[in-house]
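What follows is a single structure, written as structure tokens, with notes after it.
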Amino acid sequence: MPERAAQLTSSPEWQALEQHRLQMQSVPMKQLFAEDPERASRYFIKGAGISLDFSKNRITDETLSALLALAERSDLPARRDALLRGEPVNRTEQRPALHTALRHPGNASILVDGVDVVAEVQHTLARMEEVVTNVLDQSRTGFSGKAFTDVVSIGIGGSYLGPKLVNEALQPYWQGGMRCHFVANIDGTDILEVLRQVNPETTLFLIQSKSFRTQETLENSTVARQWLVDYCGDDSAVAKHFLAVTANVPGAENFGIQADQVFPMWDWVGGRYSLWSAIGLPVALTIGMDNFRRLLAGAHAMDSHFQNAPLAQNLPVVMGLLGVWYNNFWNAHTHAILPYDQYLRSLPDHLQQLDMESNGKSVTETGEPLACESGPIIWGGTGSNGQHAYHQLIHQGTRLIPADFIIPLKTHNPVATHHADLFANCLSQSQAMMAGKSLAEARAELAAEGHSEAEIEQLAPHKVIPGNKPSNTLVLEQVTPESVGALIALYEHRTFVQGVIWGVDSFDQWGVELGKQLGKGILPRLLGKEPQGSGSDSSTDHLIELFRSVGDY
Ligand code: F6P
């Protein structure tokens, strides 16, 4: 077993947790609540305006001490400080991961290769402000002099999921009447359905691609550009209707976008951490720059909390360690993200990329095979919809599925008793997961309903809910720019904490490259530009033949 990876799992801290898990195996959370009336207040922490109730976890003080000892053993405080200082924590690409600099208020400097990145960020924010102001006050218009009414953001992965989430989340803050559309998929339906809804004279396109090499984004942008050119008869309108956000300025220029219409991205920002940069332009154009700055301020507040709060009161640290507890010691394979707020409906999608692209790794940052499991499958959806779909499996399935419930205290849309109903649904789900229903309770319930003894015998086992299923409840005051910023930053740091414990590089994503390479070989064969039968495996060859037999491409 390679040294460093094995050192983790054979360390006294890891072994202590293994032993402790055996003790905890038969301890019901219900009993822990009964024994300690203070449990809810003792396992409740706050940071950057977000409260975390983590009392419905299979933990005691001993568990927390053991998890914190593991964090100390992994040098978490020093690793966190290195991240925030801008050290090259992305070791395989020798880069910092300075998404925190993107939301820094600008009263300090962080140097990368001698350049103050905070100053560059502030300069870019000023440029964003200018374009947002000009578009919203209509001093910047389309080629025919008409005001822009629609923004089409073309990008994928991190250049799509974050802005889409935030744009939806902050709908109550939309202003100026700008409609925002997102196109990501290489499926032509995505771009064509959006183009059917917009007017070439009043549509601003944002090409969002750090690399400006991503197939989906380039092909969709080419379709959009041609659509505009076809409408105008020439390409004279392209300069007015296209902006790009990229680290590859020559790539954008080759596409026909002037350098002064290009907003920067930097090597030190990972795609899935980029929504705080000019990749957030679609959001800023929809909610205005003041609100965009509030979003950054919320994220910065969480950065400060992560940096300064003691580990035991630190939201990303506690949530990260609880995730490690279930992932590595209880064999939980997945983690559910359950926002009880319609505006946060895309949070699970964004966190899926954030976490699974970051911690979906099999080797340590020094290249040794891991001796333990790394990132879990992240999934979820909005409550209460999920209660009528997959919660059955959470409550009665054979798997342990830790869940995060996320809910605001106040709604933007009071109607009848809906918000109290929503809150009740959220609490009832975490309570049901924790408490469950015993066989005796199921039998008593059936008896009270007047069932015969034979019916009780038959039905009771089906009504048992084992309980003892862990969850966190994250409470926001309301869905605001600040709370959304803080929430997303919380999960970014939680992902980082777990990556540090597992010893992986959370900032690279080499696993996505193979499919891209293979796709380059398959495409010419699908298009008949290369001979058939020259492929690698008979399944792929056969499916290529099947595609070509239709001939409709
Ligand atoms: O395919 C993975 C990925 O590289 C993501 O990490 C990234 O967010 C996405 O593609 C888009 O990349 P780009 O912004 O360079 O187009």
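The values are calculated or read from the model by the stated rules, or taken from the named source; none is laboratory data. Quick caveat, the model's predicted, so the values are computed rather than measured. A quick note on method: Cβ atoms are made from the backbone with ideal geometry, for glycine too, and the neighbour counts reach across all protein chains shown.
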Could you grab me the full set of residues in the stretch 113-144 that are more than 17 Å from G288 (Cα to Cα), buried (at least 18 other Cβ atoms within 10 Å of the Cβ), in contact (Cβ under 8 Å) with a residue 24 or more places away in the chain and not small (G, A, S)? V117, V121
Looking at G383, G360, which is the one that is more than 16 Å from the ligand (Cβ to nearest atom), in the same structural domain as V500 (by the TED database) and not hydroxyl-bearing (S, T, Y)? G383
Of all the residues that make up the stretch 308-331, how many are surrounded by fewer than 20 Cβ atoms within 10 Å (Cβ to Cβ) and touching a residue at least 60 places away in the same chain (Cβ under 8 Å)? 6
Using the structure shown, decide if S65 is surrounded by fewer than 16 Cβ atoms within 10 Å (Cβ to Cβ), out of contact with any His (no Cβ under 7 Å at 6 or more places or on another chain) and of a type in the set (S, T, Y). yes
So which of E492, E477 ends up being of a type in the set (D, E, K, R), within 16 Å of the ligand (Cβ to nearest atom), within 30 Å of I50 (Cα to Cα) and touching a Leu at 6+ places or on another chain (Cβ under 7 Å)? E492
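Would you kindly identify the helices (runs of 4 or more DSSP H) lying entirely within the stretch 134-252 that contain at least 2 residues that are within 16 Å of the ligand (Cβ to nearest atom) and among the acidic types (D, E)? Before the answer, list the steps.
Numbers: elements: 161-169, 188-195, 215-232, 238-241.
The qualifying helices (runs of 4 or more DSSP H) are 215-232.
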Take the residues in the stretch 504-553 that are among the β-branched types (V, I, T) and within 30 Å of P96 (Cβ to Cβ), then tell me which one is farthest from the ligand (Cβ to nearest atom). V504
The one condition in (1) closer than 30 Å to A6 by Cα; (2) in contact with a helix residue (DSSP H, G or I) (Cβ under 8 Å, 6 or more places away or on another chain); (3) among the hydrophobic types (A, V, I, L, M, F, W, C) that A301 fails to fulfil: (1)
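Checking the condition farther than 30 Å from F507 by Cα and modelled with pLDDT of 95 or more, which residue from G381, G397, G360 passes?
It is G397.
Conditions tested, residue by residue: (1) polar (S, T, N, Q); (2) modelled with pLDDT of 95 or more; (3) surrounded by fewer than 16 Cβ atoms within 10 Å (Cβ to Cβ).
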{"residue": "L192", "(1), (2), (3)": "no, yes, yes"}
{"residue": "Q208", "(1), (2), (3)": "yes, yes, no"}
{"residue": "S221", "(1), (2), (3)": "yes, yes, no"}
{"residue": "L228", "(1), (2), (3)": "no, yes, no"}
{"residue": "F242", "(1), (2), (3)": "no, yes, no"}
{"residue": "T246", "(1), (2), (3)": "yes, yes, no"}
{"residue": "S274", "(1), (2), (3)": "yes, yes, no"}
Selected residue (only one of T60, T92, T9 is within 28 Å of L474 (Cα to Cα) and either surrounded by 13 or more Cβ atoms within 10 Å (Cβ to Cβ) or touching a strand residue (DSSP E or B) at 6+ places or on another chain (Cβ under 7 Å) (or both)): T60
When both residues are 6+ apart or on different chains and their Cβ atoms are under 9 Å apart, which pairs have a first residue that lies in the stretch 415-442 and is farther than 12 Å from N468 by Cα and assigned by the TED database to the domain that holds T398, and a second that is surrounded by fewer than 15 Cβ atoms within 10 Å (Cβ to Cβ) and basic (K, R)? H419/K410
If you scan the stretch 56-73, which residues turn out to be under 24 Å from the mean Cα position of the chain (by Cα) and over 12 Å from L311 (Cα atoms)? K56, N57
When the stretch 253-294 is checked residue by residue, the ones that are within 16 Å of the ligand (Cβ to nearest atom), assigned to a helix (DSSP H, G or I) and charged (D, E, K, R) are R272
Counting only residues that are touching an Asp or Glu at 6+ places or on another chain (Cβ under 9 Å) and in a loop (DSSP other than H, G, I, E, B), which one in the stretch 399-433 is surrounded by the most Cβ atoms within 10 Å (Cβ to Cβ)? T411
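Within the stretch 141-158, can one find any residue that is over 20 Å from the mean Cα position of the chain (by Cα) and either within 20 Å of G320 (Cβ to Cβ) or among the charged types (D, E, K, R) (or both)? Quick ask: steps written out before the conclusion?
If we filter the stretch 141-158 for residues that are over 20 Å from the mean Cα position of the chain (by Cα), which is where we start, we get 141-152.
Checking which are either within 20 Å of G320 (Cβ to Cβ) or among the charged types (D, E, K, R) (or both) leaves us with 146, 150.
Within the stretch 141-158, one or more residues are over 20 Å from the mean Cα position of the chain (by Cα) and either within 20 Å of G320 (Cβ to Cβ) or among the charged types (D, E, K, R) (or both).
Scan the stretch 161-174 and tell me whether some residue there is more than 29 Å from P481 (Cβ to Cβ), assigned by the TED database to the domain that holds G251 and not polar (S, T, N, Q). Walk me through how you get there before you give the answer.
Pass one, the stretch 161-174, residues more than 29 Å from P481 (Cβ to Cβ): none.
No: zero hits.
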